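Asks: Here you go, one structure.
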Amino acid sequence: MSRTLAILGGKPLFDEPMHVGRPNLPDRRHFDKLVDTMFSNRWFTNYGPLVKILQARLEERLRVKHCIPICNGTVALELAYRAAGFHGEVIVPAFTFVATAHALEWQRIKPVFCDIRESDFTLDPSCVEELITDRTTGIVGVHVFGNPCDHRSIAETAGRHGLGVVYDAAHAFMNETDGMSVCSLGSMSILSFHATKFFSTFEGGAIVTDDDDLAEKIRLMMNFGFAGREKDRVDYIGINGKMTEICAAMGLAMLEQVDRLAEINRINFEAYLEALEGIPGIACRTPSPALSARNWQYVVATVDEESFGLSRDSLVEVLEAENVLARKYFYPGCHRHEPYCRTFPGSGRELPVTDRLSEMVMCLPTGEAVTPAMARMIGDSIRLAGVRAGEVRAALKEGGHA
Ligand SMILES: Cc1ncc(COP(=O)(O)O)c(C=O)c1O
């Protein structure tokens, strides 16, 4: 506990910046071999052999009927919303990455922002009903930090009002609940395989569904509307949502690593949990108890300024000086971002839980670039920042920060 804080003039905890979402790496020899295969195939995109293998492996691994590889998670959202027939208004949480809402607005669908549950950051089903109007066509749930939404309540409300449900499962790769993959909930889910995600294909994503008709429709939509093998027949005004072979090669190589990476994340999480234990005002948020398997990708902590002595923003600055780049996921809520405030003035006033949690939450680095010893050091420096909160506040003020 004698370690000096960098914000108070000490040496930073780490020489190199430690990022949240620093990419995990595949076995290079395995990846290089797949790249050699790709070059000898001379097949780089258009549903090539590596994409086909990746699709089959993902379907097997996630125990789902269709897992259609897509160029990224945002395009997957756009395709899923359109395939679900969404138009008019769609209810969506504001506590999410902006792409969940942008993909609606991009198709001129009005996102109607809904509040979340304190316990797990997911859509609060009890707030959905009052937002339903005669223009509402769907509900989007986001399994934030991999925590599964209350899918039964959402399905019940959606069923009563004849609404479609799409889940954004970008954080939930490999997570399981009620004996099934979280990404198999609802009629359709999307995944993101962005480099910062637990499972990565550089850029990439997928749409998961058990519905053969929906899968066929998505395959048509994501390939310019070309009908099956008939290259000259267009049946739909589609877009280009295809995953490339190089991305599939990365995916195949990364798939071999996921169990190892989940275990690394779990051990890091335990180290953080122990190191943050008992710090007044700091809560390390454990993944939802509804999960029976998890990727442990998100180390989420909330900062209660009154008890801790520093705001979340000040603590993030303290950590930055230590070369620990914590992220404010998700701050602000989508409803507070300029384009949404402008388009839907006042829409944010009724999201008290989103507003409060987005001011308190931060994610800490994990993954294979972080060791449990590092997690403990980060925990210790958070503890020290609380103990010396008065000095830290004065230093931040002097530096023009607070
Ligand atoms: C919850 C959520 N939804 C959607 C996306 C968008 O995915 P992508 O970056 O692959 O387009 C992300 C992250 O990037 C995300 O975190």
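The values are calculated or read from the model by the stated rules, or taken from the named source; none is laboratory data. Treat the numbers as computed from the prediction; the structure is a model and nothing was measured. Heads up, the Cβs are rebuilt from the backbone with ideal geometry, glycines too, and the neighbour counts pull from every protein chain shown. The protein model used for the area step is the full one, side chains on, heavy atoms only, and it has no ligands, DNA or RNA in it. Shrake-Rupley method; radii C 1.70, N 1.55, O 1.52, S 1.80 Å.
Asks: Based on the alpha carbon coordinates of the range 1-45, what radius of gyration and maximum Cα-Cα distance (Dmax) apply, in Å?
Replies: Both quantities, over Cα of the range 1-45: 21.0, 59 Å.
Asks: Treating the beta-carbon of each Lys and Arg as +1 and of each Asp and Glu as -1, no other charges, what is the dipole magnitude of the chain about its Cα centre, to the nearest 20 debye? Mind dumping the intermediate values first?
Replies: On the way: 42 positive and 53 negative charges, 167 e Å.
My answer is approximately 800 debye.
Asks: Using the C-alpha gyration tensor of the range 28-255, what are the square roots of 5 times its eigenvalues, in whole angstrom, with the largest one first? Walk me through the numbers on the way to the answer.
Replies: Working: eigenvalues 186, 81, 39 Å².
Each semi-axis is the square root of five times an eigenvalue, giving 30, 20, 14 Å.
Asks: Identify, among Cys334, Leu291, Phe199, the residue whose Cα sits farthest towards the positive end of the charge dipole of the chain, taking +1 on the Cβ of Lys and Arg and -1 on the Cβ of Asp and Glu, with the dipole about the Cα centre.
Replies: Phe199
Asks: Please report how many Lys pairs in the chain have alpha carbons closer than 15 angstrom, counting only residues at least 8 apart along the chain or sitting on separate chains. Don't jump to the answer; show the numbers that get you there.
Replies: On the way: Lys52/Lys65; Lys52/Lys242; Lys65/Lys217; Lys217/Lys242.
The number of close lysine pairs in the chain is 4.
Asks: Cα-Cα pairs above 23 Å in the range 130-218: how many percent?
Replies: Numbers: 1018 of 3916 pairs.
Result: 26 percent of Cα pairs exceed 23 Å.
Asks: Kindly rank 254-261, 325-332 from highest to lowest mean number of other beta carbons found within 10 Å of each residue. If you can, show how the numbers build up before the last one.
Replies: Working: 254-261: 16.6, 325-332: 19.1.
Going by the mean number of other Cβ atoms within 10 Å, highest first, we get 325-332, 254-261.
Asks: Which whole-Hz ³J(HN,Hα) couplings does the range 106-114 yield from phi under the Karplus relation 6.51 cos²θ - 1.76 cosθ + 1.60, θ = phi - 60°, glycine and proline marked x?
Replies: Result, rounded to whole Hz: 4, 10, 6, 9, 7, x, 9, 6, 10.
Asks: While we're here: Could you give the size of the charge dipole of the range 311-399 about its Cα centre, using +1 on the Cβ of each K and R and -1 on the Cβ of each D and E, expressed in debye and rounded to the nearest 20? Please list the in-between numbers first.
Replies: Details: 12 positive and 12 negative charges, 45 e Å.
The dipole magnitude comes to about 220 debye.
Asks: How big is the charge dipole of the range 28-255 about its Cα centre, in debye rounded to the nearest 20, if each Lys and Arg gets +1 on its Cβ and each Asp and Glu gets -1 on its Cβ?
Replies: Values: 23 positive and 29 negative charges, 209 e Å.
Result for the range 28-255 is approximately 1000 debye, rounded to the nearest 20.
Asks: A further question on this structure: Quick one: accessible area per residue over the chain, 1.4 Å probe, rounded to a whole number of Å²? Kindly include the intermediate steps, with their values, before the conclusion.
Replies: On the way: 17810 Å² over 402 residues.
So the chain comes to 44 Å² accessible per residue, rounded to a whole number.
Asks: If you build the Cα gyration tensor of the range 246-383 and take the root of 5 times each eigenvalue, what three semi-axes come out, in whole angstrom, biggest first?
Replies: Details: eigenvalues 154, 102, 40 Å².
In descending order the semi-axes read 28, 23, 14 Å.
Asks: Using only the Cα atoms of the range 1-128, what are the Rg and Dmax in Å?
Replies: Over the range 1-128's Cα set, Rg and Dmax evaluate to 21.8, 59 Å.
Asks: State the Kirkwood hydrodynamic radius of the range 230-315 in Å, one decimal place, computed from all pairs of distinct Cα atoms. Intermediate results must be reported in sequence, preceding the final value.
Replies: Working: mean 1/r = 0.0586 Å⁻¹.
About 17.1 Å, per the Kirkwood formula over Cα pairs.
Asks: In deg cm²/dmol and to the nearest 500, what is the mean residue ellipticity at 222 nm of the chain if only DSSP H runs of at least 4 residues count, each as -39500 (n - 2.57), divided by the residue total? If you can, show how the numbers build up before the last one.
Replies: Values: 14 runs with 153 residues, N = 402.
That calculation yields -11500 deg cm²/dmol at 222 nm.
Asks: A follow-up question, please. Would you work out which of Phe86, Ile154, Pro111 lies farthest towards the positive end of the dipole of the range 61-162, given +1 charges on the beta-carbon of Lys and Arg and -1 on that of Asp and Glu, about the Cα centre?
Replies: Checked the options; the winner is Phe86.
Asks: Once the dipole of the chain is set up with Lys and Arg at +1 and Asp and Glu at -1 on Cβ about the Cα centre, which of Ala385, Val75, Leu396 lies farthest towards its positive end?
Replies: Positive-most Cα among the choices belongs to Val75.
Asks: Related question: Rounded to the nearest percent, how much of the accessible area of the chain (1.4 Å probe, protein heavy atoms only) is carbon and sulfur?
Replies: Numbers: 9150 of 17810 Å².
So the carbon and sulfur contribution to the accessible surface is 51 percent.
Asks: More than 40 Å apart: what percent of Cα pairs in the chain qualify? Mind showing how you got there, number by number?
Replies: Values: 15242 of 80601 pairs.
Every Cα pair in the chain considered, those over 40 Å come to 19 percent.
Asks: What percent antiparallel are the DSSP beta bridges of the range 28-255, to the nearest 5?
Replies: 45
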